[in-house]
Structure formats: C-alpha cells, structure tokens
Amino acid sequence: MTTDLTRTTAADLADLLAQGSVSAREVTQAHLDRTAAVDGAVHSYLHVDAEGALAQADDVDRRRAAGESLHAMAGVPIAVKDVMTTRGLPTTCGSKILQGWVPPYDATLVTRLREAGMPILGKTNMDEFAMGSSTEHSAYGPSHNPWDLERIPGGSGGGSSSVVASFQAPLAIGTDTGGSIRQPAAVTGTVGTKPTYGGVSRYGLVALASSLDQAGPCTRTVLDAALLHEVIGGHDPLDSTSIDAPVPPVVEAARRADVAGMKIGIIRELTGDGFQAGVQARFDEAVQHLVDAGAEVVEVSCPSFSYALAAYYLILPSEASSNLAKFDAMRYGLRVAPDGIDAPSAEQVMAATRDAGFGDEVKRRIILGTYALSSGYYDAYYGSAQKVRRLIADDFAAAFETADVLVSPTAPTTAFKLGDKLDDPMAMYLNDIATIPANLAGIPGMSVPSGVATEDGLPAGFQILAPAMQDQRLYAVGAALEVRLTAAWGGPLLDRAPDLLGNVRQDGRLGSQGAGRNAGTEA
Ligand code: GLN
C-alpha cells in the first residue's frame, strides 16, 4: 500500500483510519497541501474550506479516540460540486448571479456526508448551472485536465473529475443531467457513476432540468464509487421523486467483480462511425476482457437514439427556463441596477441583473426553452420531445430483454483543447451523444477508464448502462473490467498522467508548455 495519502484509494484510507494508523486530520491536511501545490494550475475548486474540513476531521479523531463507533467512511475527505447547497459555504453553480450566496441549509446528500463524518474539502468548479461539457462556461474560468493542462477536463463537472484525477481529493460529488459525471470521468481517466434517477436525493441540488438531474460519485476506483454511493443513496422524504427502496447492493457487487454468465449488449448506434479510432479500439479491447471474464456479448439496436440529442435539447431548456426563473435579483445573490434609470421597476432590475449575471450559454437555453414552451409551439416541440423520450425508454426496455447491461464508449473523443469548441454549441452538445439516452430514460450509467488512445495518449471511457434500480450491475461489470485492465496496465491508469508538480510554476500559474503528457504511453 502506498504511503502517499493523496494517492491512496478511499477504501484504503477508510481501513487505515479504522485501524488508527492515520488520523483524519493527517488525511485531510495531506489533500489540502496537494491542493495548495497544484490547484493554481488545475483550478478544480471554486472554494476551499480548509478550516471547516480540518474541524470536521478533528471531530472524527476525537470521537474515535473516545471509542465511539463511527461510519466506515468517517474521516475520508470529499469535494462537492458547487451545484449542491452547503450550509455556511458559498454555492455559486459557476454563475455570477449567485456570487456571494451562502445557503442557509445543506442538501440531503451533504447532510449524509456530514453524518458519515466525511470532511468537506471545498466546492468544485462547473459549467454555469451545469450547462456544458468542458467547464469553459464557468463564470470563474475553466478547470484544466491533469493529463494535459491545455485540455478540457470534461463538463459540466470538470472540477469534480479533475479534483480526483489530480489527487486533491479521493472522492467527489458530481451531477449528471446529460452526462456531466460520465463524460468528465471518461476524459480524465477516472470513474463516474450516475445512479438510477431518484436513487440519490435531489433535495438541495440546484435544479437544471428536474426530470433529468441526478447526483453521484466521481472517484478513481469502482469500489470507491460504490462506498460513496451507499453513503449518499436511499430514500429522502424531502424529494418527491426519491425512490422509496433500499440502495442496490453496490458495494457487494464491486467487491465480487463477477460477470460470469452476464449478457453484455453492445449498442450498435453508439459504436463505430463518429467515434475516435483510439476510443473505439480501447472499447473493443475492453469488451474482449469482459468475454475473457466469462461474459457473453450480444449486439442490440436502439433506433430511436438518433433523436435523443434533439429531444434532450428541447426538454432540458424547457425545464431550465422554468427552474432558472427564480433568479430574479429579489431573493438570491446578484442585484444590478439598470444604467440611467432613476427609479427602476422590478422588471427593469430583473432584466439588468439577468443580463449581467447569466452567461451566453445559459441565456441561449433560457430563450430556447421559453420558445419551446410558448403557447402554439408547446405540442410541436416539447410535446414531440416527450414522445421521443418514451421511444427511447422503449428501446432500452427491449434491449434489456436480451442483455443484462448495455455498453458503449462514454464519449466520442478524448479531451479536446480548451477553446476548440467554445464558439460552436452544436459541437459541444455532440460530446454527450452516448450519455444522454440514460438520462432521458432515468436508468443508471457508469464510465470506467478503458485506456489511452494511441493517437494522442489521452484517456478514453467505457460506458455501462443497466435497468433502473439495477445499479449493482454497473459495479459488477465496472469492477471486473478494472481488475483486468489494471493488471494489463501494470497499475492504475492515472499513474501514467504527468506529475503536475514538475509542471507548475512558482506562482502557481501554468508553465509555458502546460503539463505535457508523457509521450509514448500506450495502453
Ligand atoms: N453537457 C450536457 C449539457 O450541456 C450535460 C450537462 C449535465 O449533465 N449537467 O446539457
């Protein structure tokens, strides 16, 4: 077991803490030190709460010393996406409109982390209101990919993917509305899990699209994801869409890593054309590993998936335009007085505030959603999109008749360069072509690293999808793949990422070349 606490998995940290070989303060301080050293370059965090995290750690150490029986994860620190409310800690959703807002309450998920004794290190960067695939839509500047600081760490949860990929936190929370946990995981060589819709409480998750949003784990291993899933999952009376059933047996599935006899369905529409050669090659090899582990492979067809992106970009903006109407300058954050008006009306203040407080992508989607919901267009746009949503759920249901899980590459390409797609919304939207169907159907999905693409040396992701409330199947397949791939690589994939410390200038800014990748790393 490695002695560098920041390179230790959450599962191993939990063991070390329980044995008393290390204190929660030491573990927390090690991660805060790492952040001080590298986050000037990576920019995973919008807000670091060193004092609060150390106080929580000390509390755990005190209780352990007093002989209290603690949660198995007590003392394992975590970073939380800035879209979850945290009492006493700023929550901006990556937007200027919430700058300075400090919520008076915790999201249920945050309450569960606190009750488990998991110190909260800080709040991670994200595209504004979780709209985007690169974190470039954050009002506070983008996060960077630890594999190559000139590239995107995915989005919207690029802060949560990069924070675990750069060893600043063993665990993070993300949210996935159309892929914002899975796509960032794919491009950073980490594990991202979107539980079944309703499997983790949305209370205190600042809503983007309420029928699609789902919070979940961002981790470096499948077992760590399962351990975190168990802490945050389960019924919550404060969320009317929360499923009233026990958390699926995810930890057991992750530990057993058994796929013998399982039927794996390759989604024909989500492979081949349109996927980068190296991403597709790693996917094909991963499938072969699962066959070697005793799984059976079948091909399935989901013809309605070709309409998924179009349906998503009507349903999401429609719900977002309604959810974001509450940012009216009266109740939260920013208030801007319009120029040159002596006694402005409430409407004029709202207009000036929204103009200054929302970025371009948020405005684009509010306008689109308002249009799609307007009388006369409702049936043509929103109504049609809902019908497509049903067809997609039907495609999944049919596919799950022949396969236990479905698989595809998580994202069509590896991480692209910052700036490359910023002015082309359609190109940005296409990143989520493989992840969006799961959100429309409410089913769980996971991305695990499949290796690095030969042509650019950057990580690729393997997506696993399961029927609703069968989340444990993701963990069985993800863990089986992880065991075999880690053996083939001779260690975790992230061991091949550059050592950021050698590439960070004294002032914490990027070196002139960024952190160059290790050329010649092949999976
Ligand atoms: N990238 C997708 C979007 O921009 C997904 C966002 C998300 O999952 N929050 O909508």
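The values are calculated or read from the model by the stated rules, or taken from the named source; none is laboratory data. If you're wondering where the values come from, they're calculated on a predicted model, not measured in any experiment. Virtual Cβ from ideal backbone geometry, glycine too; neighbours counted across all protein chains shown.
Structural remarks
- Boolean, LEU314 is touching a residue at least 60 places away in the same chain (Cβ under 8 Å) and within 15 Å of the ligand (Cβ to nearest atom): yes
- Test for THR370: is it farther than 30 Å from ARG268 by Cβ and in contact (Cβ under 8 Å) with a residue 60 or more places away in the chain: no
- Residues satisfying the stated conditions in the stretch 115-152, i.e. part of a strand (DSSP E or B) and closer than 28 Å to ALA72 by Cα: ILE120, LEU121, GLY122, LYS123, THR124
- Restricting attention to the stretch 74-102, the residues that are farther than 18 Å from GLY159 by Cβ and surrounded by fewer than 24 Cβ atoms within 10 Å (Cβ to Cβ) total 4.
- Of all the listed residues (GLY369, GLY383), the sole one being small (Gly, Ala, Ser), assigned to a helix (DSSP H, G or I) and at pLDDT 95 or above is GLY369.
- Against the test of being modelled with pLDDT of 95 or more, part of a helix (DSSP H, G or I) and over 20 Å from GLY132 (Cα atoms), the options ALA352, ALA356 yield a single qualifying residue, ALA352.
- The listed residue being farther than 30 Å from SER384 by Cβ, crowded, with 24+ Cβ neighbours inside 10 Å, modelled with pLDDT of 95 or more and among the acidic types (Asp, Glu), out of ASP471, ASP456: ASP471
- Residue that is within 11 Å of the ligand (Cβ to nearest atom) and surrounded by 24 or more Cβ atoms within 10 Å (Cβ to Cβ), where the choices are HIS137, HIS144: HIS137
- So ASP394, is it surrounded by fewer than 24 Cβ atoms within 10 Å (Cβ to Cβ) and either charged (D, E, K, R) or over 22 Å from LEU485 (Cα atoms) (or both): yes
- Boolean, ALA281 is out of contact with any His (no Cβ under 6 Å at 6 or more places or on another chain) and either at pLDDT 95 or above or under 27 Å from THR486 (Cβ atoms) (or both): yes
- Selection of the stretch 92-114 for residues being over 22 Å from the mean Cα position of the chain (by Cα) and in a helix (DSSP H, G or I) yields only ILE97.
- Per the listing THR190, THR177, the residue uniquely at pLDDT 95 or above, within 11 Å of the chain's Cα centre (by Cα) and more than 9 Å from the ligand (Cβ to nearest atom) is THR190.
- Failed item, numbered, when ARG365 is tested on (1) surrounded by fewer than 20 Cβ atoms within 10 Å (Cβ to Cβ); (2) closer than 30 Å to ARG331 by Cα; (3) within 16 Å of the ligand (Cβ to nearest atom): (1)
- Among the residues making up the stretch 394-438, those that are more than 16 Å from the ligand (Cβ to nearest atom) and among the β-branched types (Val, Ile, Thr) are THR402, VAL405, VAL407, THR414.
- Qualifying position, being under 30 Å from ARG496 (Cβ atoms) and either among the basic types (Lys, Arg) or free of Cβ contacts under 8 Å to residues at least 24 places away in the same chain (or both), among ASP224, ASP258, ASP273, ASP244: ASP273
- The lone exception for SER447 - which of (1) at pLDDT below 95; (2) within 15 Å of the ligand (Cβ to nearest atom) it fails: (1)
- If the condition is being surrounded by 15 or more Cβ atoms within 10 Å (Cβ to Cβ) and either of a type in the set (Ser, Thr, Tyr) or under 25 Å from the mean Cα position of the chain (by Cα) (or both), then the stretch 372-384 contributes TYR381, TYR382, SER384.
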